[in-house]
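Trainee: Quick one: structure below, then a few questions.
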Amino acid sequence: MYKLGLIGHPIGHSMSPWIHEKLMEQQGIEGKYELLEIQPDEFGEKVNLLKEKGLDGFNVTVPYKEKIIPYLDGLDESARHLGAVNTVHHTDQGWIGYNTDGRGFVHSLKNRFPDIFHNNAKALLLGSGGAARGIFEALTRSNIARVDIANRTIKRAEDLIQDIPSKAYSSPLTLEQAKNTLMDYDLIVQTTTVGMNPDHDKMIVSLDHLTKGTVVSDIVYRPMKTKFLNEAEKRGARLHFGHEMLLQQAVYAFQIWTDTEPESSLLLNEFEQKLK
Ligand code: ATR
């Protein structure tokens, strides 16, 4: 009987319980995945109580992905590079922190568009927050030659490139520069909350210079098809959706906890229906 859960605030609308219960069902595993909401002023106290709950593992979401680190006994390489954890596994060596966000993104993208993973490929990330960091770390580990980053505040794009060890070549750009050079990229990834409900009529940059066949990804999954993706589709782009990443990062967490290999594609249609 696995005891799993999610800590964060607020987490009432999280899709994680649904996903993990479906994965348990698929793998014939018995267990429970609970929402463990923690108020910011009670974080230290509640995290210490978690240790007594006998959890096998848990996910960590906003605003605790960094704050959890001092309570852990070890980190995997991605979590160490990023200074952020989204999955904790209870092992004989204690609580070990992982970050499966970027890996989830890359895996779901590679499944659909293997052709863009070659050593002349160029990617552009829009945004420099926590999500951009995870995606940057994982993308630059794959054989993509260049991963540029555009952000409203260019200093944060510069800091991101400096902070995260990478073998790809990267330049920081303003959003204006990015907008005018969209045609240079094989992959464009929108990593900010711009376009998320209720601001579904907003776009981070206009896509006037986008060329046909470019892969355009948006990590926002509510709405499932953002205005950014809609406009990209009108210009002949190939689309990658936020819910594909969401599902795959959960599958990686589930693998870490249960040592099984669930198949995310079996769940994708049902997940899409659930999000509609
Ligand atoms: P998280 O860590 O959860 O991803 P964050 O650190 O607040 O969140 O990052 C949010 C990202 O969205 C940032 O890249 C932010 O740009 P700034 O660094 O300039 O703040 C970007 N962002 C948020 N609102 C935006 C807007 N209206 N226009 C452009 N970028 C925006």
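What follows is calculated from the coordinates using simple rules that are stated; it is not laboratory data. Note that the coordinates shown come from a computational prediction; the quantities given were computed from them, not determined experimentally. Heads up, the Cβs are rebuilt from the backbone with ideal geometry, glycines too, and the neighbour counts pull from every protein chain shown.
Trainee: Please report, in whole Å³, the volume per residue of the convex hull around the C-alpha atoms of segment 90-136.
Mentor: Details: hull volume 5.2 nm³, N = 47.
Per-residue hull volume (Cα only) is 110 Å³.
Trainee: Pairs LYS3/LYS110; LYS202/LYS234; LYS22/LYS67: which are spaced more than 23 Å apart, C-alpha to C-alpha? Don't skip to the answer; put the middle values down first.
Mentor: Values: LYS3/LYS110 31 Å; LYS202/LYS234 16 Å; LYS22/LYS67 29 Å.
Going by Cα-Cα distance, LYS3/LYS110; LYS22/LYS67 fall outside the 23 Å limit.
Trainee: Sticking with this one: Counting helices only, and only those DSSP H runs with n ≥ 4, report the 222 nm mean residue ellipticity of the chain as the sum of -39,500 (n - 2.57) divided by its residues, in deg cm²/dmol to the nearest 500.
Mentor: On the way: 10 runs with 102 residues, N = 276.
After summing the helix terms and dividing by the residues of the chain, the value is -11000 deg cm²/dmol.
Trainee: Going out from 0 in 10 Å bins, what whole percent of all Cα-Cα distances in the chain drops into each bin?
Mentor: 7, 29, 35, 22, 6, 0
Trainee: Suppose we keep just the DSSP beta bridges with both residues in the chain; what percent of those would be antiparallel, to 5? Before the final figure, lay out each step's value.
Mentor: Numbers: 8 of 40 bridges.
Just about 20 percent of them are antiparallel.
Trainee: Once each part is reduced to its C-alpha centroid, what is the distance from segment 201-276 to segment 108-129 in angstrom?
Mentor: Here the two parts' Cα centres lie 13 Å apart.
Trainee: Moving to a separate point now. Considering only DSSP beta bridges whose two residues both sit in segment 1-152, what percent are antiparallel, to the nearest 5? Don't jump to the answer; show the numbers that get you there.
Mentor: Working: 8 of 26 bridges.
So the antiparallel bridges in segment 1-152 amount to around 30 percent.
Trainee: Further, regarding this structure: How high is the relative contact order of the chain? Use alpha-carbon pairs under 8 Å, at least six apart in sequence, and give a whole percent.
Mentor: Working: 532 pairs, mean separation 41.9, N = 276.
Worked out over the chain, it gives 15 percent.
Trainee: Bin width 10 Å, origin at 0, all Cα-Cα pairs of segment 187-246: what percent of pairs per bin?
Mentor: 27, 59, 14
Trainee: For LYS276, list the aspartates and glutamates whose Cα falls under 16 Å from its own Cα; do not include residues on the same chain fewer than 8 positions away.
Mentor: Straight-line reach from LYS276, under 16 Å: GLU244.
Trainee: For GLN26 and LYS51, FRET efficiency with R0 = 41 Å and r from the beta-carbon atoms, rounded to 0.05? Write down the numbers at each step before the final one.
Mentor: Working: r = 29 Å, r/R0 = 0.72.
Working from the Cβ atoms, E equals 0.90.
Trainee: Mind checking which aspartates and glutamates have their Cα closer than 18 Å to the Cα of LYS32? Skip sequence neighbours fewer than 8 apart in that chain.
Mentor: Those aspartates and glutamates meeting the cut-off are GLU21, GLU52, ASP56, ASP259.
Trainee: Would you kindly derive the ³J(HN,Hα) couplings of segment 56-73 from the backbone phi angles with the Karplus curve 6.51 cos²θ - 1.76 cosθ + 1.60 (θ = phi - 60°), listing them in order in whole Hz, with x for Gly and Pro?
Mentor: With the stated coefficients, segment 56-73 comes to 7, x, 7, 8, 10, 10, 3, x, 10, 4, 8, 4, 6, 4, x, 8, 9, 9 Hz.
Trainee: Could I ask something else about it? Report, to one decimal in Å, the Kirkwood hydrodynamic radius for segment 102-240 based on all distinct Cα pairs.
Mentor: Details: mean 1/r = 0.0682 Å⁻¹.
Hydrodynamic radius (Kirkwood, Cα pairs) of segment 102-240 is 14.7 Å.
Trainee: If amide H atoms are built 1.01 Å from N in the plane of the peptide, which residues on other chains or at least 5 residues away come under 5 Å of the amide H of TYR2?
Mentor: Sorted by chain and number, the residues that satisfy this are GLU30, GLY31, LYS32.
Trainee: Same structure, new question: Would you mind ranking SER78, SER142 by Cβ crowding within 10 Å, fewest neighbours first? The partial results should precede the final answer.
Mentor: Values: SER78 23, SER142 19.
The order, fewest Cβ neighbours first, is SER142, SER78.
Trainee: Output the Cα-based Rg and Dmax of segment 1-147 in Å, rounding Rg to one decimal and Dmax to a whole number.
Mentor: Using the Cα atoms of segment 1-147, the pair Rg, Dmax is 16.7, 50 Å.
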